[in-house]
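Visitor: After the structure tokens below, expect a handful of questions from me.
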Amino acid sequence: MPLPRSEATRQLRHCRRIEVQVYARADGLWEADARLSDVKTRDAALPSGTRRAGDAIHDMLLRVIVDRELTIVASGAESPAVPYPGACDAHGDAYGRLAGLNLLRGFRRGLRERLGGVLGCTHLTELAQVLPTAIVQAFAGEVIDARGQADTRPFQIDRCHALRADGATVRTYYPRWHQAPASAGAASMLAPASALSAVPAAAPACATVATHGRPSPAEENR
């Protein structure tokens, strides 16, 4: 589906950026740094004072250390810029509570239980939700078999419309794990395998997302 047509006279007012960088360590563990920032193009009158255009209203960093099974072994957060200094950043070591959670097994439920609402920071908890798919992308082809050649079914099958087990994408790229459609009606909805001409490239381990503002060309094509 194409994007709605943008209005030619629109003016950028706000930009939120989310960036995740994932690092391999010499000890076999992995680190992920997730950062969220909010910046306005005009001065913003906050209860705590005026924040000048271009100065961050939010600048928050969340770091997790995970093992190869995607279990968090250590975590923490810091907030260099917040709208309520001395309050927003007074959560102590709350985000250390992420330790012990597994990114693929009940992570978001555990996140809500440990840090939802007044137990944490709205934006850091929101930021944590991007960690599972970002770190899986970093693991793909290095820790996780992305080609479906292992003895276990690729975890991504049946997790999105393109990779339904009875669909053309799985039939073409993961034939070993393809399942016949449940009915003739379902089969008629599948695209022919010949329509799939190229294997999608793996996403990079570093990704940036901008919202509430005009995205860069790179962001529009992510």
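The values are calculated or read from the model by the stated rules, or taken from the named source; none is laboratory data. Worth saying up front: this structure is predicted, and the values here are computed from it rather than measured. A quick note on method: Cβ atoms are made from the backbone with ideal geometry, for glycine too, and the neighbour counts reach across all protein chains shown.
Visitor: Just to be sure I understand the filter: pairs with C-beta atoms under 7 Å, separated by 6 or more residues or on different chains, first member in the stretch 159-180 and closer than 20 Å to residue 104 by Cβ, second member polar (S, T, N, Q) and in a helix (DSSP H, G or I). Which pairs pass?
Guide: Final answer for the pair search is 162/169; 163/169.
Visitor: Separate question: Please determine whether any residue of the stretch 80-91 is aromatic (Phe, Trp, Tyr) and surrounded by 19 or more Cβ atoms within 10 Å (Cβ to Cβ).
Guide: Looking for residues that are aromatic (Phe, Trp, Tyr) and surrounded by 19 or more Cβ atoms within 10 Å (Cβ to Cβ), one finds none in the stretch 80-91, hence no.
Visitor: While we're on this one: Please go through the stretch 66-81 and give me each residue that is without any contact (Cβ under 8 Å) to a residue 40 or more places away in the chain and either of a type in the set (Phe, Trp, Tyr) or part of a strand (DSSP E or B) (or both), ordered by number.
Guide: 71, 72, 74, 75, 76, 78, 80
Visitor: Further question on the same structure: Grab the helices (runs of 4 or more DSSP H) fully contained in the stretch 114-181, keeping just those with 1 or more residues being in the same structural domain as residue 25 (by TED's automatic domain parsing). Walk me through it before giving the result.
Guide: On the way: elements: 122-128, 131-139, 168-173.
Once the helices (runs of 4 or more DSSP H) in the stretch 114-181 are filtered for at least 1 residues that are in the same structural domain as residue 25 (by TED's automatic domain parsing), what remains is 122-128, 131-139.
Visitor: On the given criteria, is residue 27 loosely packed, with under 11 Cβ neighbours inside 10 Å and either of a type in the set (Phe, Trp, Tyr) or more than 22 Å from the chain's Cα centre (by Cα) (or both)?
Guide: In short, yes.
Visitor: Would you confirm whether any residue within the stretch 44-61 is exposed (fewer than 15 other Cβ atoms within 10 Å of the Cβ), at negative phi, part of a strand (DSSP E or B) and within 19 Å of the chain's Cα centre (by Cα)?
Guide: no
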